[in-house]
Structure formats: C-alpha cells, structure tokens
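See structure below.
The values are calculated or read from the model by the stated rules, or taken from the named source; none is laboratory data. All values reported here derive from a predicted model rather than from experimental measurement. Note that each Cβ is placed from the backbone with ideal geometry, even for glycine, and that neighbours are counted across all protein chains shown. The area values use the complete protein model at the heavy-atom level, side chains included, leaving out ligands, DNA and RNA. Shrake-Rupley method; radii C 1.70, N 1.55, O 1.52, S 1.80 Å.
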Amino acid sequence: MTESTRPSLCILIPVFNEAEALPMLVPRVLAALADVPAELRLLLVDDGSSDGSGEQLARLAAQDDRIGYLRLARNFGKEIAMSAGLDVADADAVVLLDADLQDPPEVVREFWKYFEQGYDNVYGVRSSRAGETALKKVTAAGFYRVIDRMSRTPIPRDTGDFRLLSRRAVMALRQLRERNRFMKGLFGWVGFRSIGVPYERAPRVAGTSKFNYWKLWNFALEGITSFSTAPLRLATYIGAGTAGIAFLFGAWIVFKTLAYGESVRGYPSLMVVMLFLGGVQLIALGLIGEYLGRLFEESKMRPLYLVDEVRLPRAGQSD
Ligand code: UDP
Ligand code: MG
C-alpha cells in the first residue's frame with residue numbers, strides 16, 4: 001500500500017465504564033471498516049472509568065498499533081471526552097462513535113463516501129430509536145423543537161454526536177474552547193459542507209446508559225452544595241412559582257370581591273399587581289443569573305480537562 005496517498009481515518013470513542021461493551025466494540029469496528037481505503041486508527045478516550053475499562057484499553061493498545069488511548073484525570077463527561085480526543089486526533093477524517101455500539105460502525109463506510117466527495121461534516125440521522133424509552137423519545141423530540149426555535153445555529157434534528165469530521169472541521173472545533181460544551185451546537189456552528197445520513201440507532205450491546213434522568217437531576221442538586229452557580233437558578237424557579245401563585249391568588253381575590261364586595265378599596269388590584277410584578281422580576285433576575293453563571297464558569301479559564309496518560313495510535317501505520 002502506498003501510505004502517502006491513503007487518507008487517514010481516526011475513530012474516536014469516548015469510554016466511561018464500558019468494560020462489558022469493549023470486547024465487542026473493537027473487533028466490530030475493525031471488521032466494519034476493513035475495506036475502507038484509509039489508514040485506520042482507533043483513539044479511545046477513557047473518561048475516568050472505574051470498572052477496568054482503562055486496563056482493557058491499555059491491553060488493546062499494546063496488541064494493536066492502530067489503537068491508542070487517552071486517559072483523562074477523572075470523569076469529565078462525554079462532551080469533554082470527545083473534545084479531548086479531537087484535540088489530539090491527527091487524521092484527515094475523524095469519526096465520533098459511542099462505545100456501546102448504538103451507532104453501527106458499518107454506517108461509517110457510507111460516511112466515507114461523502115467524505116471522498118468533499119463533505120466536512122457527515123452526520124448520522126437517527127431514523128429509529130430502538131431500545132430507548134418513550135419518555136426519552138418524547139423529551140428528545142421536545143428538546144429539538146425548543147432548540148430549533150431558540151437558536152440561530154443550525155442544529156439538525158435527531159442527530160447525535162455520531163458523525164465524520166474532516167480535518168478542517170476538527171481544526172475549527174479545536175478553536176472553540178468554551179466550558180459549556182453543547183457539542184451538537186458546536187458542530188452546527190462550524191458549518192462547512194454538511195450532509196445527513198439516515199441510520200437505525202441500535203440498542204446498547206452491553207451495560208447501561210450513563211445518562212438517566214435521576215442522575216441528571218442529582219447533578220443539578222449536587223451543584224448547589226458544591227461551587228456552582230445553581231443558587232442563581234433558584235431565583236428563576238422561585239419567581240415562576242410566585243408568579244403562578246399570584247395568578248391563582250389574584251383570580252380568587254377578584255372572584256371574592258365580585259361575590260362579597262371588598263373590605264378596603266383598591267386592595268385586591270394592588271395585591272395582584274404587586275405579587276405578579278414581584279414574580280416577573282424574580283424570573284428576570286434568575287434568567288440574568290443563568291447567563292452570569294455561565295460567564296463565571298468561562299471567566300475561571302480552567303483547562304477543559306486534564307490528561308492522566310496518553311498512548312496515541314501509531315501514525316502512518318499500514319495494516
Ligand atoms: N460517556 C463518556 N463519559 C460520560 C458518560 C458517557 O465518555 O460521562 C460515553 C459512553 O461510554 C458512551 C457514550 O458516551 O460511549 C454514550 O453514553 P451512553 O450510551 O451512556 O449514552 P446514551 O446512548 O444512553 O445517550
Ligand atoms: Mg448509548
């Protein structure tokens with residue numbers, strides 16, 4: 001093989017406690033991409049796993065030069081793990097893939113065809129969500145609707161992180177260093193030539209989802225007690241609650257006044273207006289707090305992640 005003429009393809013996989021899925025993952029990826037005319041590499045990012053995934057990665061990398069890994073200092077979350085991988089992935093095309101094989105690696109062959117046609121951002125569009133609960137489907141659908149309305153950045157519906165990015169798209173992403181990393185938004189912000197490829201999202205091969213609603217909710221609560229900006233957020237809820245109660249109270253006072261007359265003239269309207277405005281003011285304050293909190297996070301200028309150990313896939317390796 002003439003190595004210099006073959007473009008390189010790096011499969012970037014965030015891994016957090018996926019010891020059960022890993023033994024199936026790597027052979028399947030290698031088999032699925034065997035006939036793609038590229039220098040194939042696998043870069044697995046161990047996002048602070050505690051179930052032996054890290055040791056497995058080290059073993060895999062020792063056996064196969066095409067496999068490398070990056071171990072983060074602790075669990076930073078999927079978005080950061082992917083960003084860390086994108087920072088070191090040195091390839092003409094990078095594919096983001098979940099470790100649980102929910103994104104079928106066979107689809108990457110199709111991604112590759114579009115990459116060869118010059119596309120920079122080839123994203124998978126989920127045509128079905130097998131193995132996901134009705135609640136998750138409903139909340140996901142609602143989420144896309146809201147973000148679609150509220151954001152000026154184009155964020156394609158029913159897409160996840162599963163996608164192929166060209167080198168220049170990766171370079172662009174590396175420049176986006178914000179702490180609040182909503183990757184789907186960042187991909188959309190980058191732009192370039194993009195195209196969607198429909199695929200069937202499979203259920204997890206092993207293990208359980210790392211994102212459940214209870215966990216997400218607990219993260220929010222934990223934030224209050226640690227050094228987060230969540231107390232600011234509380235103002236939003238208190239404001240919304242006050243406004244809601246004021247509305248009901250107002251309706252009741254109006255009803256009472258109409259039915260029985262008022263004790264002091266002007267009292268009902270005064271009370272309603274006062275409570276309503278108080279509520280609205282608190283909502284606004286909470287909203288400002290949301291943005292202030294994000295500014296606070298950014299202003300600390302902390303690094304996005306810390307790396308514990310790196311063993312990159314050996315570049316220029318032929319199969
Ligand atoms: N993941 C990660 N860090 C985390 C949580 C998840 O790197 O803190 C990885 C996980 O190992 C998997 C991918 O992100 O490769 C998607 O996670 P999961 O399957 O749990 O999410 P779901 O598919 O349920 O949305
Ligand atoms: Mg999954």
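Tabulated values for the structure
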read-out	value
Complete set of residues in region 186-203 that are in contact with a helix residue (DSSP H, G or I) (Cβ under 6 Å, 6 or more places away or on another chain) and part of a strand (DSSP E or B)	ILE195, VAL197, TYR199
Matching residues in region 169-185 - criterion: being in contact (Cβ under 8 Å) with a residue 60 or more places away in the chain and either outside any loop (DSSP other than H, G, I, E, B) or at positive phi (or both)	VAL170, LEU173, ARG174, MET183
Which listed residue, of LEU40, LEU72, LEU9, LEU86, is open to solvent by 10 Å² or more (accessible area, probe 1.4 Å), modelled with pLDDT of 90 or more and away from ligand 2 (no atom under 16 Å from the Cβ)	LEU40
So GLY48, is it in a loop (DSSP other than H, G, I, E, B) and under 17 Å from LEU304 (Cβ atoms)	yes
Set ARG294, ARG204, ARG265: member being open to solvent by 40 Å² or more (accessible area, probe 1.4 Å), at pLDDT below 80, more than 30 Å from GLU110 (Cα to Cα) and within 27 Å of the chain's Cα centre (by Cα)	ARG294
Subset tally (residues that are crowded, with 16+ Cβ neighbours inside 10 Å and either in contact with a helix residue (DSSP H, G or I) (Cβ under 6 Å, 6 or more places away or on another chain) or on the phi > 0 side of the Ramachandran plot (or both)) for region 43-52	6
Lone unmet requirement of (1) open to solvent by less than 10 Å² (accessible area, probe 1.4 Å); (2) more than 16 Å from ligand 2 (Cβ to nearest atom) for ASP100	(2)
Residues of region 178-195 satisfying the condition of being at pLDDT below 85 and charged (D, E, K, R)	GLU178, ARG179, ARG181, LYS184
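Here is a yes/no grid of residues against (1) in a helix (DSSP H, G or I); (2) over 22 Å from PHE16 (Cβ atoms):
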position	(1), (2)
VAL94	no, no
ALA99	no, no
GLN102	no, no
GLU110	yes, yes
LYS113	yes, yes
GLY124	no, no
SER128	no, yes
THR139	yes, no
ARG145	yes, yes
